[in-house]
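Q: Can you read through this structure? Questions will come right after.
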Amino acid sequence: MFVRDCMTCDPVTIRPDSDPLAGMALLKCGGFRRLPVVDAEGRLVGIVAHTDLEMFLSKAGSPGVLKRQHRVDQVMSREVVTVTPDCPLEEAASLMVERKIGSLPVVEAGQIVGVITETDIFKQFAAVLGGGTDSLRLTVQVPDVRGQLAELAGRIAQVNGNISSVVAYGIDRPERINITLRVEGADRVRVLETVSGQVGLKVLHVWGGEGA
């Protein structure tokens, strides 16, 4: 999965010479927390956050006494963390966690082409694992050795199950690993019967499917 698959295209932007009140209005109207700042050629030159604008406006005084020379570029951040459209989604998510930010401008050939937010990533993650659907989701724990996933996939295929997504993650036992699978087209009971025959496998959780 890539950033381009779930980013918001043609995002709302603002010019650096715009009135900070206009920036605040755009943020409130769109329900945004951050607003990309672009120049006349559409190049990203900064980003302005709701909290920064709020603080600036409170220091500048009430809206009625704001001076004409107040501009967005007085409060925007000029060093902006960005990603490209072909950046893997998990790398964008990792970057957000590392920098403690909730969104990233997406830039291609110097132009801003989109914005990816933590909500966009949450939605994609939920969609991949079938959140909100009746898909069978199975979490098992197996020895962390080669061939375990291959055997598990083979067993599910034997009962006409189709694995549409897989997530493997480590636990506090280095010799074991957890695997969550989304399985389509197979009876829940038959899937559980066949995977339970795998040596060393422990079924941790079952969600969805027939009899959920």
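The values are calculated or read from the model by the stated rules, or taken from the named source; none is laboratory data. As the structure is a computational prediction, the values presented were derived from the model and not from experiment. In this analysis, Cβ positions are derived from the backbone assuming ideal geometry, glycine residues included, and neighbour counts consider all displayed protein chains.
Q: Looking for whichever is surrounded by 12 or more Cβ atoms within 10 Å (Cβ to Cβ) and in contact (Cβ under 8 Å) with a residue 40 or more places away in the chain here; the options are Ile179, Ile163. Which one fits?
A: When all the criteria are applied, what remains is Ile179.
Q: Also: Return yes or no: is Val191 over 30 Å from Arg78 (Cβ atoms), more than 23 Å from the chain's Cα centre (by Cα), assigned to a strand (DSSP E or B) and of a type in the set (A, V, I, L, M, F, W, C)?
A: Taking the combined requirement at face value, the residue does not satisfy it.
Q: Suppose we filter the stretch 118-142 for residues that are surrounded by 14 or more Cβ atoms within 10 Å (Cβ to Cβ) and more than 17 Å from the chain's Cα centre (by Cα); how many remain?
A: 8
Q: In the stretch 103-117, what residues are over 13 Å from the mean Cα position of the chain (by Cα), more than 12 Å from Cys87 (Cα to Cα) and of a type in the set (A, V, I, L, M, F, W, C)?
A: Ala109, Ile112, Val113
Q: Now, a different point. Can you tell me which residue is nearest to the chain's Cα centre (by Cα) among those in the stretch 167-188 that are part of a loop (DSSP other than H, G, I, E, B) and acidic (Asp, Glu)?
A: Restricting to residues being part of a loop (DSSP other than H, G, I, E, B) and acidic (Asp, Glu), the top hit is Asp172.
Q: Pairs under 6 Å by beta carbon, first residue in contact (Cβ under 8 Å) with a residue 60 or more places away in the chain and within 17 Å of Arg4 (Cβ to Cβ) in the stretch 109-134, partner of a type in the set (A, V, I, L, M, F, W, C) and surrounded by fewer than 15 Cβ atoms within 10 Å (Cβ to Cβ), six or more apart or different chains?
A: Gly114/Cys9
Q: Here is a further query. Since Met24 meets every condition but one in (1) exposed (fewer than 15 other Cβ atoms within 10 Å of the Cβ); (2) farther than 27 Å from Leu89 by Cβ, which condition does it not meet?
A: Every listed condition holds for Met24 apart from (1).
Q: Restricted to the stretch 135-151, and to residues that are among the polar types (S, T, N, Q) and farther than 9 Å from Leu201 by Cβ, which residue is modelled with the lowest pLDDT?
A: The selected residue is Ser135.
Q: Continuing with this model, one more query. For Gly132, which of the numbered conditions (1) among the small types (Gly, Ala, Ser); (2) assigned to a loop (DSSP other than H, G, I, E, B); (3) within 15 Å of Gly197 (Cα to Cα) fails to hold?
A: Single failed check for Gly132: (3).
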